[in-house]
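K.L.:
Got a structure here, written out as structure tokens. Questions coming.
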Amino acid sequence: MNQAFLDLIQSRQSFVLSGHEHPDGDCLGSQVALFHLLRGLGAEVSIFNPDPVAPGLSFLEDQTQISNMREHEGPPAADVVVLLDCAELTRLGRLGDLWREQEPAIVVIDHHVGSENGDGDPYYVDVSAAATGVLIYNLYKELGIEIPAPAAEAIFVSIVSDTGWFKYSNTDSRTLMIASEMIGAGVQPDRLYDRMFRDNDPESIALLAESLNQHQVCLDGRFGYATLDPTFMNRVKKIGFDTDGILEPIRSVKGVEVVCLLKALNSGLTKVSLRSMGKIDVQEIASELGGGGHAKAAGASVKRPVAEVIAEIEGLVKLALDRAEQDEAALGDL
């Protein structure tokens, strides 16, 4: 955390906090937590995203206003735009284009590989952090500011979203310590879990069943994937169905090393989500598609048909699996 970044955060300028399209729990949680920190410093601050808050995260709006491009023609004016959980304006769609035209100062707070090379200067990037919300927690501690209740809830949401409720390998002792501190501050995990995952639209069960019924497993059972066509995605959008829930059942199959979800949009864009069981670095695969992320969770957006994209991904996964086998064999010969 460099001094230029800290000086800017404390400068009491006007800030707009934003993040990637279809903001998830880490993106929104870190935004809400930073919102209350900046307010506490006396700054003028608002949150403005490309897309609305998903139904399962709408409780974050109970005490914090979150606006988006679907409700407004354009973003509010600001001296500084802070990108959280992403590092490039291209990940904000049309909203990113508008800010390129307005030319505000851009700051990045992120934990993804390569984010120091994004559009932010200054930036605060720590790829060892389990979630972007951890970086906001660090900011509170660095500045000696007490974490208010809405921010504590938001930091907890950020952490559980990116650790899969502490079941992913990025869950470390520090992550659990921060989560414990937030519970001590009044966060109720059972209540949050219910609001995030147990208030789904009745049609969500049908969507999950349909998507899993179409999944494919190839490369000797080591690569599993599912594709969602534009009609399916329109239904997803209508009820706010969380498509990430499709990945876990495929990932749970014995022998599967890499899973992939491909979402075809009406615009012709194919959105790719990749997950790894650990042997394969899916961030390297995503980077070949123009995306990025982490070794075990990455993604990309590709302006090509699903059939072409999945064929390329299958080839990349095969190469990665073959390399992993060769490396294991070489170690065995030592």
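The values are calculated or read from the model by the stated rules, or taken from the named source; none is laboratory data. The model shown is predicted, which means the values in this text are computed figures rather than measured ones. Here the Cβ is made from the backbone with ideal geometry for all residues, glycine too, and neighbour counts use every protein chain on show.
K.L.:
From the list Ala311, Ala307, Ala320, Ala295, which residue is touching a Gly at 6+ places or on another chain (Cβ under 9 Å) and outside the structural domain of Asp85 (by TED's automatic domain parsing)?
P.N.:
Details: Ala311 fails: touching a Gly at 6+ places or on another chain (Cβ under 9 Å); Ala307 fails: touching a Gly at 6+ places or on another chain (Cβ under 9 Å); Ala320 fails: touching a Gly at 6+ places or on another chain (Cβ under 9 Å).
Criteria check complete, one pass: Ala295.
K.L.:
I'd like the full set of residues that are in contact with a Phe, Trp or Tyr (Cβ under 7 Å, 6 or more places away or on another chain) and part of a helix (DSSP H, G or I), limited to region 120-144.
P.N.:
Once the filter is applied, which keeps residues that are in contact with a Phe, Trp or Tyr (Cβ under 7 Å, 6 or more places away or on another chain) and part of a helix (DSSP H, G or I), region 120-144 yields only Leu135.
K.L.:
Still on this structure: Looking at region 206-220, I want the residues that are more than 21 Å from Arg235 (Cα to Cα) and have a partner that is surrounded by 13 or more Cβ atoms within 10 Å (Cβ to Cβ) with Cβ atoms under 6 Å, at least 6 apart or on another chain. Which pairs are those?
P.N.:
Once the first residue is more than 21 Å from Arg235 (Cα to Cα) and sits in region 206-220, its partners that are surrounded by 13 or more Cβ atoms within 10 Å (Cβ to Cβ) give Gln216/Tyr225; Val217/Gly224; Leu219/Lys318.
K.L.:
Could you run through region 244-262 and say how many residues are modelled with pLDDT under 95 and assigned to a strand (DSSP E or B)?
P.N.:
Number satisfying all stated conditions: 0.
K.L.:
Is it the case, given these coordinates, that Asp199 is acidic (Asp, Glu), under 24 Å from Pro23 (Cβ atoms) and either in contact with a His (Cβ under 7 Å, 6 or more places away or on another chain) or not in a helix (DSSP H, G or I) (or both)?
P.N.:
yes
K.L.:
Criterion first (farther than 24 Å from Ala286 by Cβ, of a type in the set (Asp, Glu), free of Cβ contacts under 8 Å to residues at least 40 places away in the same chain and outside the structural domain of Thr243 (by TED's automatic domain parsing)) does Glu142 satisfy it?
P.N.:
Details: farther than 24 Å from Ala286 by Cβ: yes; of a type in the set (Asp, Glu): yes; free of Cβ contacts under 8 Å to residues at least 40 places away in the same chain: no; outside the structural domain of Thr243 (by TED's automatic domain parsing): yes.
No.
K.L.:
Assigned by TED's automatic domain parsing to the domain that holds Gln31, modelled with pLDDT of 95 or more, of a type in the set (Ser, Thr, Tyr) and surrounded by 15 or more Cβ atoms within 10 Å (Cβ to Cβ), is that true of Thr90?
P.N.:
Working: assigned by TED's automatic domain parsing to the domain that holds Gln31: yes; modelled with pLDDT of 95 or more: no; of a type in the set (Ser, Thr, Tyr): yes; surrounded by 15 or more Cβ atoms within 10 Å (Cβ to Cβ): yes.
Taking the combined requirement at face value, the residue does not satisfy it.
K.L.:
Under 7 Å between Cβ atoms, which residue pairs at least 6 apart in sequence (or on different chains) link something in region 33-54 that is in the same structural domain as Phe15 (by TED's automatic domain parsing) with a partner that is surrounded by fewer than 17 Cβ atoms within 10 Å (Cβ to Cβ) and hydrophobic (A, V, I, L, M, F, W, C)?
P.N.:
From region 33-54, the pairs are Leu37/Ile145; Gly40/Ile145.
K.L.:
Can you go through Ile147, Ile205, Ile178, Ile183 and tell me which one is crowded, with 16+ Cβ neighbours inside 10 Å, out of contact with any Pro (no Cβ under 6 Å at 6 or more places or on another chain) and part of a helix (DSSP H, G or I)?
P.N.:
Details: Ile147 fails: part of a helix (DSSP H, G or I); Ile205 fails: crowded, with 16+ Cβ neighbours inside 10 Å; Ile183 fails: crowded, with 16+ Cβ neighbours inside 10 Å.
When all the criteria are applied, what remains is Ile178.
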